[in-house]
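Below you'll find the structure, written out as structure tokens, and then a few comments.
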Amino acid sequence: MTTVEHLGVPETELAASGALWTAREIEQQPRMLERTHALLAGLRDRIEAFVAPVARDPAARIILTGAGTSAYIGQCLAPLLDRQLAARVDAVPTTDIVSCPRLHLHPDQPLLLVSFGRSGNSPESLAAVELAETLVRDVRHLVVTCNPEGALGRVAARRAMTLQLPEETHDTSFAMTSSFSCMMYATLAALAGTDALESRIAPIAAAMARVIVDARPALQELALRGFDRVVYLGSGPFQGLAREACLKLGELTNGAVATCFDSPLGFRHGPKTFVTERTLVVVFVSNDAPTRAYDHDLVDELRQDGCAARVIEVSARPRPQAARDTLAVAGMDSAQDVDLLWPYAAAAQVYAFLASRALGLSPDTPNRQGTVNRVVQGVRIHPLADG
């Protein structure tokens, strides 16, 4: 009888330890990315007709919004999309829109609000849509969600389109994994176009699959070291990913591991004091030559300092002299940085999962106290004051 495994652990053991859903949802991502691409390709003309009036307007604005992990999708993609589209593209969390709506929503500027929701039931997401409807004269809503029953996909708006992703991406686990990767891919495909990704989706999915399998032994070794602090650093789109990696580790270890994120250049300006002899530093290395040079400078400096327990490069262009301290992403040495978001995210997810298990926690429900929830609780939405 064949033993079914996920992330190298028998399914029966995962189920008994409360880790089955997280393991499955990390492992399924390459397949879900390809299904998401096929879904978006089939909707190409409808999506283009809906987003083009804003995306092609230099006077318009696109806001990528969500809370927590969903907000970091926007932070990864906004700088890239802002270069490609005529409209201004910003990442603004729903939590910022709801708390300071008039700071972020401009009545006379045409707006496409792109809302991310794993469950689609976050109170801030729903409130952000309502605020945009109230405050902005010309607004469209593109909803990217994983839950067909979520309230976000049925928002009452003048002009709205919902991208309903494959049901398997509606993660059952506490932490967002496949929902993050697939909502991020769907947004890139919707706004940049599936044609531009047609030749890239297979290498992206394959690279993610290789990381999930090939990097696991090295990540297991790191997880068993018991670091009490972890730093994630990245330039450009990888700074948003560094923030998401910190959240994933914090969630799955229930706050037992302190985290810090920054850009490699920014890290020297004070945050570097976070590093101790029990700190792991992980740097998401760019494929862009000038950016990569800055990444390597900081990595080499940290190793020369000798203050950190370990400094790891996650790189598609590994340096031979740093092989022992590199998680290599094979087959992506010529890839654009945006394409590396997915295999790099996989490395961070697998490490968080393994660190959680090394601490004896249940990754599916790591917060035993119930002080945080899969869908946020306790948010009161206050009425909009008169302008």
Q: Name the residue farthest towards the positive end of the dipole of the stretch 67-195 from the options PRO110, VAL98, ALA71, assuming +1 on Cβ of Lys and Arg, -1 on Cβ of Asp and Glu, about the Cα centre.
A: PRO110
Q.
Per 0.36 nm of contour for each residue apart, how much would the distance between ALA15 and GLN321 grow if the chain were fully extended, relative to their Cα-Cα spacing?
A. 106.1 nm
Q. Is the stretch 234-365 best put as rounded, prolate or oblate by its Cα gyration tensor, with a ≥ b ≥ c the root eigenvalues, rounded for a/c under 1.5, and otherwise prolate when a/b is larger than b/c, oblate when not?
A. oblate
Q. Hey, how many Å between the Cα centroid of the stretch 234-281 and the Cα centroid of the stretch 16-68?
A. 25 Å
Q) Do you know the relative contact order of the stretch 207-338, to the nearest whole percent, from alpha carbon pairs under 8 angstrom that are 6+ apart? A) 25 percent
Q. Taking θ as phi - 60°, what are the ³J(HN,Hα) couplings along the stretch 257-268 by the Karplus curve (6.51, -1.76, 1.60), each to the nearest whole Hz, with x for Gly and Pro?
A. 10, 6, 10, 8, 10, 5, 8, x, 5, x, 5, 5
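How much mean residue ellipticity at 222 nm does the chain get from its helices, if each DSSP H run of length 4 or more adds -39500 (n - 2.57) and you divide by all residues, to the nearest 500 deg cm²/dmol?
-14000 deg cm²/dmol
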(Q) Can you tell me, using C-alpha contacts under 8 Å and at least 6 residues apart, the relative contact order of the chain as a whole percent? (A) 18 percent
Q.
Quick check: pseudo-label points 7 Å beyond the Cα along Cα→Cβ at ARG225 and ASP297, how many nm apart are they?
A. 2.5 nm
Q) Taking the mean number of other Cβ atoms within 10 Å as a proxy for protection, how do you rank 75-84, 317-326, 354-363 from highest to lowest? A) 354-363, 75-84, 317-326
(Q) Under 10 Å, Cα contacts only: if you run a Gaussian network model on the chain, which one of VAL144, VAL231, VAL155 comes out with the highest mean-square fluctuation? (A) VAL155
Q.
How high is the relative contact order of the stretch 5-197? Use alpha-carbon pairs under 8 Å, at least six apart in sequence, and give a whole percent.
A. 25 percent
Q: Tell me which residues come under 5 Å, amide H to amide H, from ALA91 once H is placed; ignore anything under 5 positions away on its chain.
A: LEU64
Q) Based on the Cβ-Cβ distance from ALA38 to ALA385, what FRET efficiency comes out when R0 is 35 Å, to the nearest 0.05? A) 0.15
Q) For the chain, what is the per residue volume of the convex hull drawn over the alpha-carbon atoms, in cubic angstrom? A) 146 Å³
Q. What nm value, rounded to one decimal, do you get for the distance between ALA358 and THR172 when each label is placed 7 Å out toward the C-beta?
A. 2.7 nm
Q) So, by mean Cβ neighbours within 10 angstrom, what's the order for 40-52, 202-214 with the highest one leading? A) 202-214, 40-52
Q. Roughly how many nanometres apart are two label points built 7 Å out from the Cα toward the Cβ at ALA49 and VAL4?
A. 4.2 nm
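Assign unit charges at the C-beta atoms only (+1 for Lys and Arg, -1 for Asp and Glu), then state the dipole size of the stretch 5-65 relative to its Cα centre in Debye, rounded to the nearest 20.
In debye, rounded to 20, the stretch 5-65 gives about 420.
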Q | Share, in percent, of DSSP beta bridges within the stretch 5-197 that are antiparallel, nearest 5 | A | 10 percent
Q | Those GluC sites (Glu not before Pro) in the stretch 129-158 that DSSP places in a loop and that have at most 12 other beta carbons within 10 Å | A | GLU149
**Q.** Positive dipole terminus of the chain, leading residue within LEU152, VAL230, THR253 (C-beta point charges)
**A.** LEU152
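No value in this document is a laboratory result; all are computed from the given coordinates. All of these numbers come straight from a predicted model, not from anything done at the bench. We place every Cβ from the backbone using ideal geometry, glycine too, and count neighbours over all the protein chains shown.
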